[in-house]
1. Could you list all residues from segment 118-127 that are touching a residue at least 12 places away in the same chain (Cβ under 8 Å), open to solvent by 40 Å² or more (accessible area, probe 1.4 Å) and more than 26 Å from Asp38 (Cα to Cα)?
2. Can you tell me which residue among Asn11, Asn115, Asn92 is under 30 Å from Ala150 (Cβ atoms), open to solvent by less than 70 Å² (accessible area, probe 1.4 Å) and modelled with pLDDT under 90?
3. Restricting segment 168-206 to residues that are surrounded by 16 or more Cβ atoms within 10 Å (Cβ to Cβ) and at positive phi, which is modelled with the lowest pLDDT?
4. Residue under question is Val99, and the condition is that it be part of a helix (DSSP H, G or I) and touching a strand residue (DSSP E or B) at 6+ places or on another chain (Cβ under 9 Å); does it hold?
5. Name the single residue, out of those in segment 153-194 being of a type in the set (Gly, Ala, Ser) and not in a helix (DSSP H, G or I), that is nearest to Thr94 (Cα to Cα).
6. Could you check Lys20 against (1) under 24 Å from Pro76 (Cβ atoms); (2) of a type in the set (Lys, Arg); (3) buried (at least 16 other Cβ atoms within 10 Å of the Cβ) and say which number it fails?
7. Filter segment 65-89 down to the residues that are outside any helix (DSSP H, G or I), surrounded by fewer than 21 Cβ atoms within 10 Å (Cβ to Cβ) and at pLDDT below 90 and list them by number.
8. Got a number for residues in segment 50-63 being free of Cβ contacts under 8 Å to residues at least 60 places away in the same chain and either part of a helix (DSSP H, G or I) or open to solvent by 50 Å² or more (accessible area, probe 1.4 Å) (or both)?
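The values are calculated or read from the model by the stated rules, or taken from the named source; none is laboratory data. On a predicted model such as this, the values are computed, not experimentally measured, just so you know. Ideal geometry is used to build each Cβ from the backbone, glycine not excepted, and the neighbour counts take in all protein chains shown. SASA here: full protein model, heavy atoms, side chains in, ligands and nucleic acids out. Shrake-Rupley method; radii C 1.70, N 1.55, O 1.52, S 1.80 Å.
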Amino acid sequence: DFEPITNMTVNPNVVAVSAKSPWKTLKELIEYAKANPDKLNYTAFGASVAILAWLTRETGARMTYVPYKGSPDALPALMNNTIQLMYLAIGNPTIVNDVNTGRLKGIAVPGDTRNPLMPGVPSFAEAGLPPFATKSWLGIMMPAGAPRDAINRLSAELAAIVNQPDFRDRNVTPFGFDAVGSTPEQFARFIVEDRKSGEILARLAG
């Protein structure tokens, strides 16, 4: 039903725990959760629920999922240690600052490299996990059958805007997003691969 125009940004994620918790690493938390089944509470939203389901299956940790309406409701519970674990998009307001100032502990980021906004947080690979690098993304679409010249022009204009240094440095990077600005063809290929990753994740998560 839609024509891909451009993938504007991707938004990496972080596994965060309360600053009041005793765990300094993901390995320590997993060992506790294995030794104390269902004693730890966690929450996540959307596809992130599947990410943590995959994490628990991958490691053998057993934790209790507690549903919340969204991050604004769940973050106070994480801060006061009512829930012990969240999987958060780095682009959520204040998250980068909360982790870097110690108000939250970031214990892992997906993938095989650290995120430059949170240089002190180890990657999944460093934590001994498969570097399953899932990212949220924000893309622009038009209705199917839109004129090709309109698609190409809009894609080029939007890609130029999101990668314009002043715009990127003011409106993209500080909020945890990575600028992309892909062509329609690149975005179409990305969507295909992203769907494959989603299918893999769904199977891993059970």
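1. Listed by number, the list holds a single entry, Gly120.
2. Criteria check complete, one pass: Asn11.
3. Per the criteria, the residue is Gly176.
4. Yes: the conditions hold for Val99.
5. So, considering only residues that are of a type in the set (Gly, Ala, Ser) and not in a helix (DSSP H, G or I), the one nearest to Thr94 (Cα to Cα) is Gly176.
6. (3)
7. If the condition is that a residue be outside any helix (DSSP H, G or I), surrounded by fewer than 21 Cβ atoms within 10 Å (Cβ to Cβ) and at pLDDT below 90, then Lys69, Gly70, Ala89 are the ones that fit.
8. Narrowing segment 50-63 to residues free of Cβ contacts under 8 Å to residues at least 60 places away in the same chain: 52, 56, 60-63.
With either part of a helix (DSSP H, G or I) or open to solvent by 50 Å² or more (accessible area, probe 1.4 Å) (or both) added as a condition, the list becomes 52, 56, 62.
Within segment 50-63, residues that are free of Cβ contacts under 8 Å to residues at least 60 places away in the same chain and either part of a helix (DSSP H, G or I) or open to solvent by 50 Å² or more (accessible area, probe 1.4 Å) (or both) number 3.
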